[in-house]
Every structure is written in C-alpha cells, then in structure tokens.
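Note sheet for the following structure.
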Amino acid sequence: MNGIPYRVHKRIATSPIGEPLRRLESILELVIVVADAMRAHTAILENCRILHRDISNNNIMFHRTESGMVKGLLIDFDHAIDHDQVSRNYHQQRSGTLPSMSVNNLENNERTALDDWESLIYLLCWIGTFGLRSDHAVNQETQDNLQVGRWTN
C-alpha cells in the first residue's frame, strides 16, 4: 500500500442534529457558531491530539437551543490525523475543500493547526464574498465572473 493512504469510512449518529450555516439568521450568530466550532477544534487538538485538516463551510454546523441561542458544531473528521504523528503519517496529498485550503495544503507541505485557522479565514472571506444565504448571495453571473467562483463549478 505504498503511496495509497489507508482510510476507513465510519458514520456516527449524534445528537443534536446540526443545521448548515446558510440557515443562520445574522452575522452575530455566524460569529458565535464559528467561535464555538474553533473552540471545539482547539479542545480536540489539546486534549485528544487530533488535527481536523478540513475546516470548511460544510464542516461547521449549528444547533439552535430551545431558548433560540445557537451553538456551533465541528463535524467531518475524515481527513483528521493524530497530531503527534503528523510527520510520520504525512502524505504528499491535498485534502479538504478547495476554497478553504491553506497554502501549505495547496503546496503539499506538512500541515499544522495554524493551517486549520488559515482555512477558517478563507471560509469567512468566501462567506463575505458570496453571502451566507441564498437571499444574501451575489447573483450567479457575478459569481461566474469572479475567478474564485470557478472553483466550485
């Protein structure tokens, strides 16, 4: 299996069920959800020594409590690796979601937790450019004329 990464597909059902970011109702809710997700990222890194490596729009979700407050969730650990074995498990491969990939990821360099934070910055720039919800999004013609808009077509 030289050169081919070993992957195992698993599904785990948890509660609460998360909703996608496009269902958030305000920028304040986005800030809360992203902060919660990245607090979870830091806690998982510090306590479990797991590096996520795919911070993107589809991997941060939220749950609305009965009181109406939002709580952020970090999901999809299929690209995650043991942080203590990064250099031993390092493969010359890109992983993640293209618009949110860090420079180290794009250049096939070894990645660290800072690359996940860099991905978060790109995610926020993406949301700022294209909008969070379809009723706030720029129109398709404008998206098509933007260079980065072609990444998802």
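The values are calculated or read from the model by the stated rules, or taken from the named source; none is laboratory data. Since this is a predicted model, take the numbers as computed values, not measurements. Virtual Cβ from ideal backbone geometry, glycine too; neighbours counted across all protein chains shown. When the accessible area is computed, the model is the full protein with side chains, heavy atoms only, and any ligands, DNA or RNA have been set aside. Shrake-Rupley method; radii C 1.70, N 1.55, O 1.52, S 1.80 Å.
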Picked from the stretch 1-25 (must be part of a loop (DSSP other than H, G, I, E, B), open to solvent by 100 Å² or more (accessible area, probe 1.4 Å) and at pLDDT 85 or above), the residue nearest to Gly68 (Cα to Cα) is Glu25
Expected output for the stretch 71-86 (first residue within 18 Å of Asn108 (Cα to Cα), partner part of a strand (DSSP E or B), Cβ below 6 Å, 6+ apart or cross-chain) is Ala80/Ile50; Ile81/Leu51; His83/Leu51
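Just for the stretch 130-141: of the residues that are open to solvent by 60 Å² or more (accessible area, probe 1.4 Å) and over 18 Å from Glu25 (Cβ atoms), which one is modelled with the highest pLDDT? Walk me through it before giving the result.
To start, the set of residues in the stretch 130-141 that are open to solvent by 60 Å² or more (accessible area, probe 1.4 Å) comprises 134-136, 139-141.
If we keep only those that are over 18 Å from Glu25 (Cβ atoms) as well, we get 139-141.
Working: Asn139: 68, Gln140: 67, Glu141: 71.
So, considering only residues that are open to solvent by 60 Å² or more (accessible area, probe 1.4 Å) and over 18 Å from Glu25 (Cβ atoms), the one modelled with the highest pLDDT is Glu141.
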Checked pairs for the stretch 26-46, first over 22 Å from Ser67 (Cα atoms), second of a type in the set (A, V, I, L, M, F, W, C) and open to solvent by 30 Å² or more (accessible area, probe 1.4 Å), C-beta under 7 Å and 6 or more apart or across chains, list as Ile44/Ile50
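Does His79 meet the test of being modelled with pLDDT under 95, buried (at least 16 other Cβ atoms within 10 Å of the Cβ) and not in a helix (DSSP H, G or I)?
Values: modelled with pLDDT under 95: yes; buried (at least 16 other Cβ atoms within 10 Å of the Cβ): yes; not in a helix (DSSP H, G or I): yes.
So His79 passes the test.
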Per the filter on the stretch 35-76, residues under 21 Å from Lys10 (Cα atoms) and assigned to a strand (DSSP E or B) are Ile50, Leu51, Ile60, Met61, Leu73, Leu74
Notebook entry, point to check: Do we have Leu28 as under 26 Å from Thr129 (Cα atoms), within 18 Å of the chain's Cα centre (by Cα) and either at pLDDT 95 or above or open to solvent by 50 Å² or more (accessible area, probe 1.4 Å) (or both) here?
Noted result: no
Reported set for the stretch 82-115 where residues are open to solvent by 70 Å² or more (accessible area, probe 1.4 Å), part of a loop (DSSP other than H, G, I, E, B) and modelled with pLDDT of 85 or more is Glu107
